[in-house]
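**Q** Have a look at this one.
Just so it is clear, none of the values below were taken in a lab; they were calculated from the coordinates. Small disclaimer: the values here were computed from a predicted structure and weren't measured. Cβ sites come from the backbone with ideal geometry, for glycine too, and all protein chains shown count toward neighbours.
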Amino acid sequence: MASSRTSASCSPDNLLDESTRARAHPTSADGSGDDVSALSERVTSRLRARKTLRDICKRYSIPDDFAPLLAGDLSSCSPPPPGSVCVYVDALDAGLRLPLHPFFGTVLTHFGLAPGQLAPNGWRALAGFVVLSHFAGVAPSLAVFRHFFSLCQFPPHRLYTIRGKDAAGLLFARMGGNKYRAWKEEFFFLSSTAPWPCPVEWGEPYRSATFDPTLTVPEKAVVEHLLRARGSSPIDLTTYLHDCNMAAAKIIILPPPTPQGMGKPFKVATAALAPAGKVALKKEPDFKVSPCAPSLGKKRKPAEEDNESSASDTSCPWKPSTSKDDGKQRGRDGHWIAAKRMLQGVVTPWRQRELAACRPADVVTSSYVSLLQTANEVAFSLGYALELEDKLRAREREAGALRSELNRAKAELSQSKAPALRAELHTAKVELAQTKADVLVAREEADALRSELRRAKAELAKTNADALRVELRGAKAELAQTNADAERAKAAASRALVGRELMGYERGLADMKRAALHRYPLLDPASLVVRLHGPR
């Protein structure tokens, strides 16, 4: 991701001391722009001087709230010092700016990555997506970003990059060549008193974070907006990502205008732009400069610049003139003069300060890219408007035909079908009255049937009660007879059992008598008698 500081004079090697710069750069093995070779992986950083870190922070406009720390013997994947993160110099050149843009923190938190785990080309894609979303007039969405891009890992360590998906449509052109050589060798730590909006220690992305998202209807509309803003071909980030566009997308936060900060740069920019303004715009006889659009070629004193910088903070929109000279100007050149006044009012003081802070080459590049985007958008809008106009005419013709057909149908209905409908309505009313009379008769018959049914139920209940009583008495008599028979059978069985027991007892006594006489023959048999019921 290139910015206005990607020339040879702005290379991070120019910030190194002589002994460090003397080390050889390894060559990247692929065309992705990121050095992924295992042989070129260095554990420690080449940045060894504090002055180098101060120059880097100054070059990339890192606020004083962030304190740079030398990495020393720590590797980039080591746990950082408390309150700090690892930052690569080439990542700053690619698009990483501090403080972090909120969308950067959202993406890193979603994937669970620290800023140092993302390769420079990944930061290019992130910054380009934010800038494109800004110019498309939509807020950067995580789901839409994951729709266009995927997270890719390359060995040997936990480093990742972001690449566009061909199936979703490439927003940015592929990077080629060796843009960032040996980017892993130049890193340091940045400490902040405020909490970081992303992980600070290296980790691995969640598995669910890499799945393809399911877009909602509003997110699909954002996708269409971005594709229309891209144009017919992918955008070249080399010319697209410069400081003006990144400042417009709030990736770079410009410092507030101060007398010290607006003096020399503003004079240099106005001096560079003044000749071009004199050549491009010739003075008209009736032309008057608007007070809200100060001339860039006019020299001012420092006091006047201070007063104007404070007074120009409140934007002064262009308003049509209501002077008496407007009637005289509506001649051959009146409309051209009015258009020129309106174009002057479009360039607000804030935009003038923003252009003055950039290099003329960046202003020209930004204007050229903006013109290309505007031309693409105008061509698409004109085609879309013509298509909508054709559709509108076709719909109007269809609506006219439908209205004519509806009018004819109404006329036919009123002429031919109205008498038949009235006769049918009268017949329906007669049938309805007859049906109501039949309903009344049916209700009376139903009431009579209900009364008869209640009487039949009462008679049936009475008859059933008498029969049940007779049946109950018979059952009771049968039960008594059965109980008597059972008692008699029980007594007979008892007597039979007693008889059988008595006969057995008598047989046992006879056997005992014979045994006693056989053993004692002198006994008298008449004396060997046992009474069955005992003595009385």
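**Q** How long is the gain from L382 to E204 if the chain were fully straight, where each residue apart is worth 0.36 nm and the alpha carbon distance is subtracted?
**A** Net length gain for the segment: 59.4 nm.
**Q** Any idea what diffusion coefficient region 143-211 gets from Stokes-Einstein, in µm²/s, Kirkwood Rh on alpha carbon pairs, 25 °C, 0.890 mPa s?
**A** 162
**Q** How big is the C-alpha Rg of region 362-525 next to the rule-of-thumb value 2.2 N^0.38 Å, as a ratio?
**A** Against the empirical 2.2 N^0.38 Å value, I get 3.80 for region 362-525.
**Q** Once amide H atoms are placed 1.01 Å from N in the peptide plane, what residues at a sequence separation of 5 or more from A114, or on another chain, have their amide H within under 5 Å of its amide H?
**A** G203
**Q** Next question, about the same structure. When only Cα pairs under 8 Å and 6 or more residues apart are kept, what is the percent relative contact order across region 127-202?
**A** The normalised contact order for region 127-202 reaches 18 percent.
**Q** Related question: Starting from 0.36 nm per residue, how many nanometres of slack lie between V530 and A423 once their C-alpha separation is accounted for?
**A** 26.1 nm is the gain from fully extending V530 to A423.
**Q** Residue separation times 0.36 nm, minus the C-alpha to C-alpha distance between A399 and R359: what's the value?
**A** Computed gain between A399 and R359 is 8.7 nm.
**Q** At most 13 other Cβ atoms within 10 Å and a DSSP loop assignment: could you name the trypsin sites (Lys or Arg not before Pro) in region 468-519 that fit?
**A** none
**Q** Under 13 Å from the Cβ of L151, count the other residues' Cβ atoms, weight Lys and Arg +1, Asp and Glu -1, and hand me the total.
**A** Within the 13 Å Cβ shell, the charges total +3.
**Q** Which whole-percent values make up P(r) of region 38-169 when all C-alpha to C-alpha distances are grouped in 10 Å steps starting at zero?
**A** Pair shares across the bins are 10, 41, 34, 13, 2.
**Q** Can you give the log10 of the normalised intensity I(q)/I(0) at q = 0.24, 0.28 Å⁻¹, computed with Debye over equal Cα scatterers of region 187-238?
**A** Computed log10 I(q)/I(0) values: -0.94, -1.08.
**Q** Whole-Hz Karplus ³J(HN,Hα) for region 214-231, in order, using 6.51 cos²θ - 1.76 cosθ + 1.60 and θ = phi - 60°, x for Gly and Pro?
**A** 9, 7, 7, 5, x, 5, 5, 5, 5, 4, 5, 4, 5, 5, 5, 5, 5, x
**Q** Would you give the gap between the C-alpha center of region 178-207 and the C-alpha center of region 382-457, rounded to a whole Å?
**A** 74
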